[in-house]
Amino acid sequence: MNTEVILLRFGELMLKGRNRNRFENQIVQQIKRVLKPLGRAVVRTESYGRMYVELNGESHADVERELSKVFGLHSFSRAIKTAPDLEEIRAAARIVMDRLERVPETFRVTVRRVNKQFPHDTFEMHQLLGGYLLESYEGLKVDVHEPQVNVHVEIRHQEAFVYIGTLPGPGGFPLGSNGKAMLMLSGGIDSPVAGWFAMKRGLRIEAVHFHSYPYTSERAKQKVIDLTSVLAEYAGSIMIHMVPFTEIQTRLKESCRENLLITMMRRVMFRITEQLAEQREALAIVTGESLGQVASQTLSSMNVIGRAATLPVLRPLITMDKLEIIAISEKIETYPISILPYEDCCTLFMPKSPSTNPSLKVVEYSEKAMDWLPELIREAVEKTETMWVKPEQKSEEDHLF
């Protein structure tokens, strides 16, 4: 009996060595999570390493949309699962060919024969299946070098799979397979993209957002929650830490040189994020910094700011330009939220001429004179509000206030 399935493939790094079982278990859990709304779709793991999703009436498009949110999934293919029998395989090949918009002019057959007890070897299967398709479709020709269509057949011990074409998955490593990090999440374009890249490399993230109420509005706060909700589609849920930053910003503005205000603010943010990371057992800080994009992201500025942290600071976007970042934000659907006109705390306190080449000695000397700063940092950490954010379906009207 023919069964509609989607074949799943994973990156080579995941499937080698001692990490294979751990990675596979993690990715199976993620696949089950994203497919939960599609109750009839079922994940199957074949005893010889092939993994697939049985559709059981769910649409290909719906399942593929959800699979595109599973990091570690390298690619997938719509396939027909059938018995490891020549006539069954031929019938499945007709089905996948008939689904094409038009009959191709050229084709080839590619057979992978895992089951060595199958009565026909690979060369024979090329002839038996290829000849059958040539007889079935008028005008069809074989081209083994540059065919318009490649009919793939996998012959395994209990079943065979027949498919045409491959769709790319998001790639990377399974979520959480490389630990946990804190994402410094503003309301802008860059930091959500940095969070997406961090998750793609197997990091589970928790978001840290600094707000300056009443200077920043509740809408600015909700904007960040909405961004976290989009990222949560890839993680199931994400914890976000809302840090009250008003008093610290006000005191810094009164106490330090104007051109060093952003530098000082960013150093304090790193210290607060690091304390939250220690509480949450996270081992790194992720930022949306891109080299040279703004004054605080020159190499000199990042050097001075980054020295405030002892944890590794990961900057996934460091060599990307703005257009590249925007393209990814559009792809992952954070862009429409990021461009909403609700400013974050850094934007509102931006000096007219921020330093692009701050002196570490001057900054550290200035901080030593601020004997009130450690206490305010402690209070900000204590007063931080924490919440779990889950994926939500949003319409365009949700952002038209």
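The values are calculated or read from the model by the stated rules, or taken from the named source; none is laboratory data. Remember, predicted model here, so these are calculated numbers, not experimental data. So basically every Cβ, Gly included, is an ideal-geometry build from the backbone, and we count neighbours across all protein chains shown. The protein model used for the area step is the full one, side chains on, heavy atoms only, and it has no ligands, DNA or RNA in it. Shrake-Rupley method; radii C 1.70, N 1.55, O 1.52, S 1.80 Å.
Anything in the range 109-128 that is open to solvent by less than 70 Å² (accessible area, probe 1.4 Å), in contact with a His (Cβ under 9 Å, 6 or more places away or on another chain) and closer than 23 Å to residue 166 by Cβ? List them, or say none. Answer for the range 109-128, where residues must be open to solvent by less than 70 Å² (accessible area, probe 1.4 Å), in contact with a His (Cβ under 9 Å, 6 or more places away or on another chain) and closer than 23 Å to residue 166 by Cβ: 109, 110, 111, 113, 114, 115.
So that you can scan it fast, the table gives a plain yes or no per residue for (1) under 28 Å from residue 213 (Cβ atoms); (2) in contact (Cβ under 8 Å) with a residue 12 or more places away in the chain; (3) open to solvent by less than 10 Å² (accessible area, probe 1.4 Å):
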site	(1), (2), (3)
245	yes, yes, yes
258	yes, yes, no
264	yes, yes, yes
283	no, yes, no
287	yes, yes, yes
291	no, yes, no
297	yes, no, no
303	no, yes, no
312	no, yes, no
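Among the residues in the range 278-292, are any out of contact with any strand residue (DSSP E or B) (no Cβ under 9 Å at 6 or more places or on another chain), under 16 Å from residue 358 (Cα atoms) and assigned to a loop (DSSP other than H, G, I, E, B)? Scanning the range 278-292, I find at least one residue that is out of contact with any strand residue (DSSP E or B) (no Cβ under 9 Å at 6 or more places or on another chain), under 16 Å from residue 358 (Cα atoms) and assigned to a loop (DSSP other than H, G, I, E, B), so the answer is yes.
Residues in the range 129-141 that are without any contact (Cβ under 8 Å) to a residue 40 or more places away in the chain and surrounded by fewer than 16 Cβ atoms within 10 Å (Cβ to Cβ): 6 in all. A search for C-beta distances below 8 Å between a residue of the range 142-155 that is open to solvent by 40 Å² or more (accessible area, probe 1.4 Å) and any residue that is of a type in the set (Asp, Glu) and not in a strand (DSSP E or B), counting only pairs 6+ apart in sequence or on different chains, returns 148/105. Out of curiosity, is residue 53 closer than 14 Å to residue 161 by Cβ and either part of a helix (DSSP H, G or I) or at pLDDT 95 or above (or both)? Here the answer is yes, as residue 53 does meet what is asked. If you go through the range 124-176 and pick out every residue that is at positive phi and in a strand (DSSP E or B), you end up with 0. Is it the case, given these coordinates, that residue 159 is modelled with pLDDT under 95 and of a type in the set (Asp, Glu)? For residue 159, the condition - modelled with pLDDT under 95 and of a type in the set (Asp, Glu) - is met.
So for the range 135-154 (the condition being within 39 Å of the chain's Cα centre (by Cα), among the acidic types (Asp, Glu) and within 18 Å of residue 84 (Cβ to Cβ)), does at least one residue qualify? Taking every residue of the range 135-154 in turn, at least one turns out to be within 39 Å of the chain's Cα centre (by Cα), among the acidic types (Asp, Glu) and within 18 Å of residue 84 (Cβ to Cβ).
Yes/no matrix, rows are residues, columns are (1) surrounded by fewer than 24 Cβ atoms within 10 Å (Cβ to Cβ); (2) in contact with a helix residue (DSSP H, G or I) (Cβ under 7 Å, 6 or more places away or on another chain); (3) without any contact (Cβ under 8 Å) to a residue 24 or more places away in the chain:
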residue: 208; (1), (2), (3): no, yes, no
residue: 211; (1), (2), (3): yes, yes, no
residue: 219; (1), (2), (3): yes, no, no
residue: 234; (1), (2), (3): yes, yes, no
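Can you find a residue in the range 98-110 that is part of a helix (DSSP H, G or I) and either farther than 30 Å from residue 322 by Cβ or over 38 Å from the mean Cα position of the chain (by Cα) (or both)? Within the range 98-110, one or more residues are part of a helix (DSSP H, G or I) and either farther than 30 Å from residue 322 by Cβ or over 38 Å from the mean Cα position of the chain (by Cα) (or both).
Within the range 233-256, the set of residues being within 31 Å of the chain's Cα centre (by Cα) and within 23 Å of residue 275 (Cα to Cα) comprises 237, 238, 239, 240, 241, 242, 243, 244, 245. Annotation note: Cβ proximity below 9 Å between a residue of the range 375-389 that is surrounded by fewer than 17 Cβ atoms within 10 Å (Cβ to Cβ) and a residue that is among the polar types (S, T, N, Q) and not in a helix (DSSP H, G or I) (sequence gap 6+ or interchain) occurs for 388/237. Scanning the range 52-105 for residues that are among the basic types (Lys, Arg), under 24 Å from residue 199 (Cα atoms) and surrounded by 14 or more Cβ atoms within 10 Å (Cβ to Cβ) yields a single hit, 69.
Within the range 177-198, restricting attention to residues that are part of a loop (DSSP other than H, G, I, E, B) and in contact with a His (Cβ under 9 Å, 6 or more places away or on another chain), the residue that is nearest to residue 278 (Cα to Cα) is 185.
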